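Read-outs: derived from the displayed coordinates by stated rules, not from any lab. Remember, it's a predicted structure, so these values are computed and weren't measured experimentally. A quick note on method: Cβ atoms are made from the backbone with ideal geometry, for glycine too, and the neighbour counts reach across all protein chains shown.
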């Protein structure tokens, strides 16, 4: 099934008539890959309109002349763009002021600084012999912050080394990441 241009153009033109015309985005495997940086960019937009194709997608004229841009969730195909739109909405909305209990939360999330988030622990301190790292129980907030940052870099190097190339790292952190990469290779 291919969505016809007439109803899509009629809808897009109608939403563009609003006092604040939205940025119109087509969910498409041809679009730029969606990531946390784009979520942050979109969270600054006053209005968004997400266009979702279904099965085969939309008439090419909609893609070429009806939308501002295209976004993709990755190198796979779904039956429709709706799940991709839901994912984008969730990623964007959680960055809006007041969406989360702690406004600083998004700054420590995975990908916020180009690395994966550090390991997290809850109580009890010992569960089946697996202990919470002592540093997290120390009460020394600067040591805890350093441990978390080191763990984020280590985890990213081990699991997603592709992210290290573009992560926001100091020279010292780059050197530590290189040591971790060398361990993985050697």
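Treating the angle as unsigned and between 0 and 90°, give the value, to the nearest 10°, between the Cα long axis of helix 5-16 and the longest Cα principal axis of the chain.
70
Working out 0.36 nm times the residue gap between residue 107 and residue 146, then minus their Cα-Cα distance, what length gain in nm do you get to one decimal?
Working: separation 39, 0.36 × 39 = 14.04 nm, distance 1.54 nm.
Separation in residues times 0.36 nm, less the Cα-Cα distance, equals 12.5 nm.
Taking the Cβ of each residue in 3, 27 as the centre, tally the other Cβ atoms inside 10 Å and list the residues starting with the fewest. Please list the in-between numbers first.
Details: 3 18, 27 26.
Ascending number of Cβ neighbours within 10 Å: 3, 27.
Taking a temperature of 20 °C and a viscosity of 1.002 mPa s, what whole-number D in µm²/s does Stokes-Einstein yield for region 110-185 with Rh from Kirkwood over alpha carbon pairs? If you can, show how the numbers build up before the last one.
Values: Rh = 13.3 Å.
It comes out at roughly 161 µm²/s.
Once the Cβ-Cβ distance between residue 94 and residue 185 is put in as r, and R0 is 25 Å, what FRET efficiency do you end up with, to the nearest 0.05? Could you put the intermediate results ahead of the total?
Details: r = 36 Å, r/R0 = 1.44.
Using R0 = 25 Å, I get an efficiency of 0.10.
Give me the log10 of I(q) over I(0) for region 2-93 at q = 0.21 Å⁻¹, as the Debye formula computes it from C-alpha points; what are the numbers?
Rounded to two decimals, the profile gives -1.05.
Order these by the 10 Å Cβ neighbour count, fewest first: 127, 111. If you can, show how the numbers build up before the last one.
Values: 127 11, 111 19.
Going from least to most buried by this count: 127, 111.
Could you give the angle, 0 to 90 degrees to the nearest 10, between helix 171-185's Cα long axis and the longest principal axis of the Cα atoms of the chain?
So the helix axis and the longest Cα principal axis differ by about 90 degrees.
Considering Cα pairs under 8 angstrom that are at least six residues apart, work out the relative contact order of the chain and quote it in whole percent.
Details: 219 pairs, mean separation 34.5, N = 186.
Relative contact order here is 19 percent.
In a Gaussian network model over the chain where Cα atoms closer than 10 Å are linked, find which of 138, 72, 37 has the largest mean-square fluctuation.
The residue with the greatest mean-square fluctuation here is 138.
Roughly how far apart, in whole Å, are the Cα centres of region 70-107 and region 1-66?
So the separation of the two Cα centres works out to 15 Å.
Rank 57, 129, 80 by mean-square fluctuation in a GNM of the chain with C-alpha springs under 10 angstrom and give only the top-ranked residue.
Of the options given, 129 has the highest mean-square fluctuation.
How big is the chain along each principal axis, measuring the range of its Cα positions in Å and listing the largest first?
On the principal axes, the chain reaches 63, 41, 37 Å in Cα extent.
Helix-derived [θ] at 222 nm for the chain: sum -39500 (n - 2.57) over DSSP H runs of at least 4, divide by residue count, nearest 500? It would help to have the intermediate numbers written out before the result.
Working: 9 runs with 84 residues, N = 186.
That calculation yields -13000 deg cm²/dmol at 222 nm.
What Kirkwood Rh does region 6-50 have if only Cα atoms enter the pairwise 1/r average? Answer in Å.
Working: mean 1/r = 0.0848 Å⁻¹.
11.8 Å is the Kirkwood radius here.
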